[in-house]
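First comes the structure, then the notes that go with it.
A short reminder: the numbers here are calculations on the coordinates, not readings from a lab. As the structure is a computational prediction, the values presented were derived from the model and not from experiment. A quick note on method: Cβ atoms are made from the backbone with ideal geometry, for glycine too, and the neighbour counts reach across all protein chains shown.
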Amino acid sequence: MKEEYIGEVDRKIKELKEEMLRLKREFTEELDRIRREGKNLSSRDDFKRLLNEINDLSRRVSQSLNSIMKESTTLMEEITRDIHEALKRMDLEHSKKLEKTLIQYREDVKRMIDNFKNFAVLFRSEARALSRELWENMKGISWTTVSTVRLSREDMDVINMLVDAGVFRTRSEAIAFFVHKGIEASRDWLSEFKSKIEELKKVRDEILRRIKGSVENSGKEIQ
């Protein structure tokens, strides 16, 4: 078999190896970037964005693995076919050398594929761990800092009403929700909600007034 052909096969295997190294480097760098950004989470939108990026990266790693396995399988099929054709025209001594070359190619390609498979497994494991880390960072964000946001007296009255109505457990939780959503964007909704709560307060006050009056009247009758 001509040396030109062997050189061409060596080049193709080298390109396959370099492609795997490039992908590993690219995926690793992207995951490291997400990890760095995840340490400075400031909102749920950031959390969701980074989580989506992690899921997308894991999906791309799996797709790349499938693509590389398919490409390497096709390459080895071509090499095997060509070498088997060449063996038919060679003497015993040269045939043995070429068979050893074929075995070496197979081992080299298998080793590269196994290496990328291991990388894919470890990468997905790191991606899952990073997702959990982001979640912990998200839970650790102190929403009490939103108390520094300037709110009008009217806004605070509505927030107090929402807390009193049991919609939110605390004022900080209510403020955090509207800061994230946007006070101005929620203005119409807040006005409508305020109106409804005021109606409920009137009903509640009326019920309490009647109950109080009924109790007082009952006391007078007993006397």
- Query: N118 label point, 7 Å along Cα→Cβ, cut-off 20 Å on backbone N: hits in the stretch 2-34?
  - Reply: 14, 16-29
- Item | Check: the stretch 3-141 dipole with +1 on Lys, Arg Cβ and -1 on Asp, Glu Cβ, in debye | 700
- Highest average packing first - 199-205, 30-36, Cβ atoms within 10 Å: 30-36, 199-205
- Message: In whole Hz and in residue order, list the ³J(HN,Hα) couplings for the stretch 75-89 that follow from phi through the Karplus curve 6.51 cos²θ - 1.76 cosθ + 1.60, θ = phi - 60°; x for Gly and Pro.
- Response: 4, 5, 5, 5, 4, 4, 5, 5, 5, 5, 5, 5, 4, 5, 10
- Item | Cβ-based exposure ranking for V167, V9, in which fewest neighbours within 10 Å come first | V167, V9
- Note on the structure: The FRET efficiency for L87 and Q63, from their Cβ-Cβ distance with R0 = 35 Å and rounded to 0.05, is 0.45
- Query: Given 0.36 nm per residue, what is the gain on full extension from K97 to W135 after removing their alpha carbon distance, in nm?
  - Reply: 8.0 nm
- Euclidean distance between Cα centres, the stretch 6-36 to the stretch 38-61, Å: 23
- Taking neighbour Cβ counts within 10 Å as the exposure measure, how do R169, R124 sort from fewest upward? R169, R124
- Task: For D108 paired with D205, estimate the spin-label separation in nm (one decimal), with each label point 7 Å from Cα along the Cα-to-Cβ line.
- Result: 8.8
- Counting only the backbone N, which residues of the stretch 52-79 are under 16 Å from the spot 7 Å out from the Cα of Y5 toward its beta-carbon? 75-79
- Pair D157, E78: separation of 7 Å Cα→Cβ label points (nm): 7.8
